[in-house]
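Here's the structure we're looking at; comments come further down.
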Amino acid sequence: RAPTGADKTTLMVHLPDNNAGALLSMLEQFATRGVNLSRIESRPIGDSLGRYSFSLDAEGHLAEERLQETLVGLHRVCPTVVFLGSYPRADGQAPRLR
């Protein structure tokens, strides 16, 4: 879908092995680029102890440069990053950018 100016993007991200600061490194990719997360959920991956998968909703559309840069940063620090889709927000509110 084309960007509407009031969009969300859903991602699935795996953290690397149970390393101190791995979650912080992942979240910094969003904070550095001013991308707000409206939802974050974690689940154990199940292949070994201490590995987690995160489902995230970020404000913005994949077509936006700041979200593209966030994905590039995530690929640098996380072994798995899956783009699940960008879509219009249900409330139609445009994100407030810093």
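Some points to look at:
- The distance between label points at Ala6 and Val72 comes to 3.0 nm (points 7 Å beyond Cα on the Cα→Cβ vector).
- Acute angle (nearest 10 degrees) that the helix 65-77 long axis makes with the longest principal axis of the chain, alpha-carbon atoms: 0
- Equivalent ellipsoid of the chain: semi-axes from √(5λ) of the C-alpha gyration tensor, largest first, are 25, 14, 11 Å.
- Cα-centre dipole for the chain with unit charges at Cβ (Lys and Arg positive, Asp and Glu negative), debye to 20: 120
- Accessible area per residue in Å² at 1.4 Å probe, computed on region 2-83: 52
- Residue of Leu84, Leu56, Leu67 that the Gaussian network model of the chain assigns the largest fluctuation, springs spanning Cα pairs under 10 Å: Leu84
- Normalising the average separation of contacting C-alpha pairs (under 8 angstrom, six or more residues apart) by the number of residues puts the relative contact order of region 1-96 at 47 percent.
- R0 of 25 Å, Cβ-Cβ distance Tyr52-Ala90: FRET efficiency to nearest 0.05: 0.40
- Between 0 and 90°, nearest 10: helix 22-32 axis offset from the chain longest Cα axis: 20
- Taking the chain as a Gaussian network of alpha-carbon nodes connected by springs under 10 Å, the highest mean-square fluctuation of the residues Gly34, Gly60, Gly50 belongs to Gly50.
- Note on the chain: dipole from Cβ charges, positive end direction compared against Thr80, Gly46, Ala31; the farthest Cα belongs to Ala31.
The values are calculated or read from the model by the stated rules, or taken from the named source; none is laboratory data. Just so it is clear, the structure is predicted and the values come from calculations on it, not from any experiment. Positions of Cβ are generated from backbone atoms using ideal geometry, with glycine treated the same way; all protein chains shown enter the neighbour counts. Protein only, heavy atoms only, side chains kept; ligands, DNA and RNA dropped before computing areas. Shrake-Rupley method; radii C 1.70, N 1.55, O 1.52, S 1.80 Å.
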